[in-house]
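Undergrad: Below: one structure in structure tokens.
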Amino acid sequence: MAKPELEDCPFCGGPGRYKVFSNPFVHGWVGCPECGIYINWIRSAKEAVAKWNRRVNREQPKAG
């Protein structure tokens, strides 16, 4: 996967970061080193990046 385009941190506004590595439990993370919020991934870097970049649209009511 090419280096993904990441949104800034939704909590502190710091720059999003992407790191790939491999151990038996996690293959990388997407997150913010400034406030310590991370999304680790096991199966898909693309899925983790999509979750990081997702923002709630406060105009629409929550489903359910």
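This table checks each residue for (1) modelled with pLDDT of 85 or more; (2) surrounded by 10 or more Cβ atoms within 10 Å (Cβ to Cβ); (3) in contact with a Cys (Cβ under 8 Å, 6 or more places away or on another chain).
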{"residue": "E7", "(1), (2), (3)": "yes, yes, no"}
{"residue": "G14", "(1), (2), (3)": "yes, yes, yes"}
{"residue": "R17", "(1), (2), (3)": "yes, yes, yes"}
{"residue": "N23", "(1), (2), (3)": "no, no, no"}
{"residue": "G28", "(1), (2), (3)": "yes, yes, no"}
{"residue": "E34", "(1), (2), (3)": "yes, yes, yes"}
{"residue": "I42", "(1), (2), (3)": "yes, yes, no"}
{"residue": "E59", "(1), (2), (3)": "no, no, no"}
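Undergrad: Follow-up question, since we're still on this one. Hey, could you check the range 18-48 for residues that are part of a strand (DSSP E or B) and among the aliphatic types (A, V, I, L, M) and say which is nearest to L6 (Cα to Cα)?
TA: Step one: list which residues in the range 18-48 are part of a strand (DSSP E or B), which gives 18-20, 28-32, 37-41.
Subsequent filtering for residues that are among the aliphatic types (A, V, I, L, M) retains 20, 30, 37, 39.
Working: V20: 14, V30: 9, I37: 14, I39: 13 Å.
Here the residue is V30.
Undergrad: When only residues in the range 9-36 that are free of Cβ contacts under 8 Å to residues at least 24 places away in the same chain and among the charged types (D, E, K, R) count, which is nearest to K51 (Cα to Cα)?
TA: Per the stated criteria, the residue is R17.
Undergrad: Being in a loop (DSSP other than H, G, I, E, B) and free of Cβ contacts under 8 Å to residues at least 12 places away in the same chain is the filter here; which residues of the range 49-62 pass it? Don't jump to the end; show me each part of the working.
TA: If we filter the range 49-62 for residues that are in a loop (DSSP other than H, G, I, E, B), which is where we start, we get 54-62.
Matches in the range 49-62: R54, V56, N57, R58, E59, Q60, P61, K62.
The values are calculated or read from the model by the stated rules, or taken from the named source; none is laboratory data. In this text the structure is predicted, and so the values were computed from the model without any measurement. Backbone-built Cβ (ideal geometry, glycine too); neighbour counts: all protein chains shown.
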